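The block underneath contains the structure these notes are about, expressed in structure tokens.
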Amino acid sequence: MTEPMHGLKIRGMRSVDSSLSQCVKLGGSELPALHSDGDVVIGGFFPLHYVVTEPQHSYNSKPQITSCSSFYQRAFRWMMTMVFAVEEINHNSSLLPGVKLGYHIMDCCDHIPTGLQALFSLFRHSKTVDSKSSTCLYYSPVPAVIGLASSSPTRAVAHTLGPFNIPLVSYFSTCTCLTDKHLYPSFLRTVPSDLFQVRGLVKLVTFLGWFWVGTIGTTDDYSLYGIQAFSNQFGRQGGCVAFHLTIPTSPTMAEIQEMTDTLESSTARVVVVFATEGQLLNLFLELAQRNVTGIQWIASEAWVTSSRLASPQFLDILQGTLGFTFPGVSIPGLKEFLLNVRPSRKPGMEFFNMFWEEHFGCKLEFETYKDGEYAFEKPVCTGSEDLRNTDSSYSDVSQVRISYNVYKAVYAVAHALHTFLNCDSAGPSGGLCEKHSSFSNGQFLHHLKMVNFHNQFDEKVYFDTNGEPVPLYDIINWQKDSKDEIRFIKVGTYDGSAPQREQLQIIKNSIVWTKGQLQVPVSQCSAPCPPGNRQATRQGEPKCCFDCLPCADGEISNKTGSTECTKCPEYFWSDKDKVKCVAGEEEFLSFYDTMGIILVALTLLGFILTSIITIIFHSFRNTPIVKANNSEISFLLLLSLKLCFLCSLVFIGQPSWWTCRLRQAAFGISFVLCLSCLLVKTIVVLLAFRTSISGSRGWKLFGTSQQRILIICTTAPQICLCSGWVLGAPPFPFRNPNYQALTGKAGRKRPKCRLKETIT
């Protein structure tokens, strides 16, 4: 495929095998085509029909050409834009001077087999060509092809043209799959890839707060790749797809009704649709018949500016539709050119005649039909009907979009030819293009990839390394005007090449939503959880379907729709509503609490009673009874009791450095001293009874000195232990933040004394 092709003449770009006298055309009857001769002929494929009758092959006879029906006027305008651009270039003396551009345009019916049939017919449209070149297939009768509209037929044609390096420039095929240059090396397009549209749609949907949406697609590559990319990116942004409906190629009424039932019953009120208008027509007709309203439709560029779907019968269900489309322009002179279309008996004018009959709802006398009854279904056309007297999308060229992509594609091919034919160099042709240039396969494709120019609309036209343009989109909103008609209103833009934060620009206040609402519709499986709660996903359901659970004590959530509760910092606690952390309120046994007052009262009562007894003992210290009771130990016992009563006061009030050290030690020593005194008194009483029996020897063995020594010996170890503990590992004040979990008192923490050796 890379050997040079010397002596190739630009006219027709055809050749023959050296072993043959001519290239022989194989196949049957020719498909209808719109043809214009020229020094260079450009191919064009347009979906002039969108319904194809699948033939039943018997394999006993030669297959017939696939028949197409349902004429597509919008595609006819695209085709005429290509014709207009070619004629405009031919009248432009500064572009391709001395070279006449021609075209050979065919109907691909938006169908893979028909598109391939049209391709093979395009490459054999010339009857015979003589040449000294090597083989017919190495040389293309056209330098480039403009087409197609849908991604699946485009893939088939691009895959066929790729090995021969014949450029295919698409004006409407947006599938991301066509970016693969290993499979489609000669494919370019003037329309951005769906990769950027999907990113924009995800940004738009999430920006408007919709995370629970449905999707609708078809079985073609455009829809499959678009829906898959949207679902993946939408899922990464936290969104959920509630349902996905696939429209079959030829849906039955039962299938349409089943899809309508799903749309009616679903809680998802936002639906993203990747499909063409022809594929959606039956579904929307059923929705309109049932009057299914309240769905916010998000449209891909394939149908967002569809005049057929914007008809009054779909007004109630499609009003408020949002979607992405390509920037539109008003091409000077295009409207007059379109209005000058006329039917004709001449061969090659079949497309004009089809359009005329479809547009005016009549039949031309000189047209023949396979079905004899069809001729009587419509009135006869005179051929003098005036397009100016009709109001249709065909003649509305105030903001053309797909037509503009066709326009840019033709001019890109023309500029590539201009460079390739050395039209700017002063040579033997005297400033004209070199018509007899010779080149090898891929040279023109290389020049086309390097195209870089500014058109009359001051737009820079070029292809990146993937053969794609700058990803620019307008955001369109379907709004009803005073005549109860749908108007496509621009409410924003999306620039895929801009920084992330600047890509989506939208005027939210100018949008009219479904059913004419002015507030953004709500689409959710579960309402977002209010602050103070967290979302708990339901088992077996999407993450957008959840229950709301209150945050636990000590945790908060201060945002709507929080999936987790945040734990408060140490010494902070959640407030009553669990929406913010507050400093913990210290809780301790205060002197002003009821329990504190009771304890203080009992302590003072005990201390006072003990003091009174001490005073009484002191007043009667010289009496025989007091002397007999060992007044010294009695006073010491009363002192220890008073200390025990007073030690309880240290446990009341806010803990401090000295109270923590004094609490346990003071009470322990006082209590041991009290027990020591009681022990001595018990021994004294016991000896008193024993002395009455065995004499006074016991008193000598356990006299006053021995009693003092016993008290000292029993109290001293306690004093030593407490002193060592206080000096070596003293307790210290400690706030217990977990106290609330036990008491249920929110916003409080309990200071207490904590042993040093328990800290890890």
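Below are the figures for this structure:
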read-out: Residue list for region 522-532, restricted to those being open to solvent by 30 Å² or more (accessible area, probe 1.4 Å) and either within 25 Å of residue 480 (Cβ to Cβ) or without any contact (Cβ under 8 Å) to a residue 24 or more places away in the chain (or both); value: 522, 527
read-out: Hits in region 270-293 - residues which are within 22 Å of the chain's Cα centre (by Cα) and surrounded by fewer than 22 Cβ atoms within 10 Å (Cβ to Cβ); value: 271
read-out: Members of region 223-246 that are under 21 Å from residue 155 (Cα atoms) and open to solvent by 10 Å² or more (accessible area, probe 1.4 Å); value: 224, 225, 227, 228, 229, 246
read-out: Cβ pairs under 8 Å, 6+ apart, first in region 454-472 and over 11 Å from residue 190 (Cα atoms) and open to solvent by 70 Å² or more (accessible area, probe 1.4 Å), second hydrophobic (A, V, I, L, M, F, W, C) and assigned to a strand (DSSP E or B); value: 454/461; 460/453
read-out: Residue tally, condition over 10 Å from the mean Cα position of the chain (by Cα) and open to solvent by less than 10 Å² (accessible area, probe 1.4 Å), over region 191-221; value: 11
read-out: Verdict on residue 342 being closer than 20 Å to residue 391 by Cβ, open to solvent by 50 Å² or more (accessible area, probe 1.4 Å), modelled with pLDDT under 90 and not hydrophobic (A, V, I, L, M, F, W, C); value: no
read-out: Index of the failed condition, residue 614 passing every other in (1) in contact with a helix residue (DSSP H, G or I) (Cβ under 8 Å, 6 or more places away or on another chain); (2) in a loop (DSSP other than H, G, I, E, B); value: (2)
read-out: Pairs where the first residue, in region 91-107, is in contact (Cβ under 8 Å) with a residue 40 or more places away in the chain and assigned to a strand (DSSP E or B) and the second is buried (at least 19 other Cβ atoms within 10 Å of the Cβ) and polar (S, T, N, Q), C-beta under 8 Å, 6+ apart; value: 106/121; 107/114
read-out: Residue count, region 389-409 (criterion: assigned to a loop (DSSP other than H, G, I, E, B) and open to solvent by less than 20 Å² (accessible area, probe 1.4 Å)); value: 3
read-out: So residue 249, is it assigned to a loop (DSSP other than H, G, I, E, B) and open to solvent by 10 Å² or more (accessible area, probe 1.4 Å); value: yes
read-out: Residues satisfying the stated conditions in region 564-574, i.e. part of a loop (DSSP other than H, G, I, E, B), at pLDDT 85 or above and exposed (fewer than 15 other Cβ atoms within 10 Å of the Cβ); value: 564, 569
read-out: Identity of the residue in region 170-190, part of a helix (DSSP H, G or I) and open to solvent by 30 Å² or more (accessible area, probe 1.4 Å), that ends up nearest to residue 145 (Cα to Cα); value: 179
read-out: Restricting region 70-122 to residues that are polar (S, T, N, Q) and open to solvent by 10 Å² or more (accessible area, probe 1.4 Å), the residue that is farthest from residue 35 (Cα to Cα); value: 94
read-out: Residue satisfying condition, being at negative phi, in contact (Cβ under 8 Å) with a residue 12 or more places away in the chain, touching a Gly at 6+ places or on another chain (Cβ under 9 Å) and open to solvent by 60 Å² or more (accessible area, probe 1.4 Å), within set 476, 507, 489, 511; value: 507
read-out: Count of residues meeting criterion [farther than 16 Å from residue 223 by Cα and either assigned to a strand (DSSP E or B) or of a type in the set (Ser, Thr, Tyr) (or both)] in region 267-283; value: 2
read-out: Out of 519, 535, sole residue that is touching a residue at least 12 places away in the same chain (Cβ under 8 Å) and either on the phi < 0 side of the Ramachandran plot or open to solvent by less than 50 Å² (accessible area, probe 1.4 Å) (or both); value: 535
read-out: Meets criteria (modelled with pLDDT under 75, more than 17 Å from residue 627 (Cα to Cα) and among the charged types (D, E, K, R)) for residue 690; value: yes
read-out: Pair list, Cβ < 8 Å and 6+ apart or interchain, from region 654-683 residues that are within 21 Å of residue 596 (Cβ to Cβ) to residues that are modelled with pLDDT under 85 and among the acidic types (Asp, Glu); value: 654/586
read-out: Qualifying residue in region 222-236 (condition: touching a residue at least 40 places away in the same chain (Cβ under 8 Å), closer than 21 Å to residue 521 by Cα and among the small types (Gly, Ala, Ser)); value: no
read-out: Residue within region 254-266 that is more than 30 Å from residue 87 (Cα to Cα), over 26 Å from the mean Cα position of the chain (by Cα) and not in a helix (DSSP H, G or I) present; value: no
read-out: Considering residues of region 543-563 that are in contact with a strand residue (DSSP E or B) (Cβ under 6 Å, 6 or more places away or on another chain) and loosely packed, with under 13 Cβ neighbours inside 10 Å only, the residue farthest from residue 527 (Cα to Cα); value: 549
read-out: Pair list, Cβ under 7 Å, 6 or more apart: region 313-330 residue closer than 13 Å to residue 294 by Cβ, other residue part of a loop (DSSP other than H, G, I, E, B) and open to solvent by 20 Å² or more (accessible area, probe 1.4 Å); value: 316/291; 316/293; 317/293; 320/512
read-out: Where residue 583 falls short, out of the listed (1) surrounded by fewer than 13 Cβ atoms within 10 Å (Cβ to Cβ); (2) modelled with pLDDT under 90; (3) within 38 Å of the chain's Cα centre (by Cα); value: (3)
read-out: Restricting region 60-69 to residues that are modelled with pLDDT under 80 and not charged (D, E, K, R), the residue that is least open to solvent (accessible area, probe 1.4 Å); value: 66
read-out: Test: residue 540 is on the phi > 0 side of the Ramachandran plot, outside any helix (DSSP H, G or I) and crowded, with 17+ Cβ neighbours inside 10 Å; value: no
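The values are calculated or read from the model by the stated rules, or taken from the named source; none is laboratory data. Everything numeric here is computed off the predicted structure, so don't read it as measured data. Cβ coordinates were reconstructed from backbone atoms using ideal geometry, including for glycine residues, and neighbour counts include every protein chain displayed. Keep in mind that these areas ignore ligands, DNA and RNA; they rest on the heavy atoms of the full protein, side chains included. Shrake-Rupley method; radii C 1.70, N 1.55, O 1.52, S 1.80 Å.
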